[in-house]
Structure formats: structure tokens, C-alpha cells
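S.K.: Take this structure, written in C-alpha cells, and hold onto it; I'll ask about it next.
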Amino acid sequence: MAKSNKPVVWGLFAAGGTVTAFIMPALVLLVLLAAFGRVPDILTYEKLHAFAAQWWGKAVLLGIIFLALWHAAHRLRITLHDVGVRADATVAVAVYAVAAVASVAAAFYLLRI
């Protein structure tokens with residue numbers, strides 16, 4: 001029986017979709033609150049910076065960013081296939097490479113905090 005990487009790809013895709021589905025509406029709500037000047041005290045810049053400065057805060061943020069990027073890359077790959085781009089190997093390498101580079105960049109910038 002041939003081994004497949006599909007469980008890994010679909011597992012990360014599903015995890016990214018779940019995280020994005022739960023986190024993005026909260027982020028939209030927080031941005032709207034900030035736009036109207038109604039930011040709760042716990043979400044001030046100083047407190048969010050303190051969260052991102054700790055190792056577990058960085059790990060949480062990196063996990064959210066990584067899973068959202070992986071989800072977006074896989075969704076883009078499937079969408080390009082649906083619109084007629086049949087060079088699946090090339091598209092897969094391109095979209096997953098962009099997600100990997102963006103994840104490394106996010107890790108780099110998070111480590112600088």
C-alpha cells in the first residue's frame with residue numbers, strides 16, 4: 001500500500017479552517033471596537049505587547065498564523081485547480097512555499113518582540 005501525505009495536508013487544512021473560523025470573527029469585532037474607540041482595558045497595546053513578549057504568547061500567535069496560512073494556501077491550491085490551472089505540482093509547491101516563508105517571517109518577527 002502506498003503511503004500518502006493527504007492526512008497531514010487535510011489535517012492542517014481542517015485545523016487552520018477551525019482556528020480561522022473561531023479567531024477571525026473575534027478579530028473583526030475587536031477591530032470594530034477599536035475603530036469606535038471602545039477598546040476594553042485588557043486589549044490595550046501594553047497588555048497585548050506583554051502577551052506577545054512571553055514565550056507562550058509567541059507560540060499561540062505563531063500557531064494561529066501558521067494554521068491560517070496553511071489553510072489559505074490549501075484553499076488557494078484547490079481554487080486554482082477548480083478554475084482550470086492543472087499544473088497541480090507546481091501550484092502546490094508555490095502556495096505551500098509562500099505559506100512556509102510567511103510562517104518563518106512571522107516567527108522571526110515574533111522572536112524580535
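Only the coordinates and a few stated rules stand behind these numbers; no lab work does. Since we're looking at a predicted model, the values are computed, not measured. Every residue, glycine as well, gets a Cβ built from its backbone with ideal geometry; the counts of neighbours run over all protein chains shown.
S.K.: If you plug each phi of the range 88-98 into the Karplus form 6.51 cos²θ - 1.76 cosθ + 1.60 with θ = phi - 60°, what whole-Hz ³J(HN,Hα) values come out, in order, with x for Gly and Pro?
M.R.: Couplings: 5, 5, 5, 5, 4, 4, 5, 5, 6, 5, 4 Hz.
S.K.: Right, here's the next one. Using a Gaussian network model of the chain with C-alpha springs under 10 Å, which one of 68, 99, 52 is most mobile by mean-square fluctuation?
M.R.: 52
S.K.: Can you tell me the FRET efficiency between residue 98 and residue 6 if r is taken as the Cβ-Cβ distance and R0 is 30 Å, rounded to the nearest 0.05?
M.R.: Working: r = 21 Å, r/R0 = 0.69.
FRET efficiency, residue 98 to residue 6: 0.90.
S.K.: Turning to a different aspect of this structure: Let me know the longest stretch in the chain that avoids all trypsin sites (Lys or Arg not before Pro) found in a DSSP loop with at most 11 other C-beta atoms within 10 Å. If you can, show how the numbers build up before the last one.
M.R.: On the way: sites that count: 3, 38, 86, 112.
Answer from the scan: 39-85.
S.K.: Next question. Quick one: 96, 109, fewest Cβ neighbours within 10 Å first, how do they rank?
M.R.: Numbers: 96 17, 109 14.
Least to most surrounded, the residues fall as 109, 96.
S.K.: Sticking with this one: From the square roots a ≥ b ≥ c of the eigenvalues of the alpha-carbon gyration tensor of the range 5-60, which class results: rounded (a/c under 1.5), prolate (a/b over b/c), or oblate?
M.R.: oblate
S.K.: Once both labels are modelled 7 Å past Cα along the beta-carbon direction, what's the residue 112-residue 87 spacing in nm?
M.R.: Here the answer is 3.3 nm between the modelled labels.
S.K.: Next question, about the same structure. Please list the radius of gyration and Dmax for the chain, considering alpha-carbon atoms only, with Å as the unit.
M.R.: Over the chain's Cα set, Rg and Dmax evaluate to 17.2, 59 Å.
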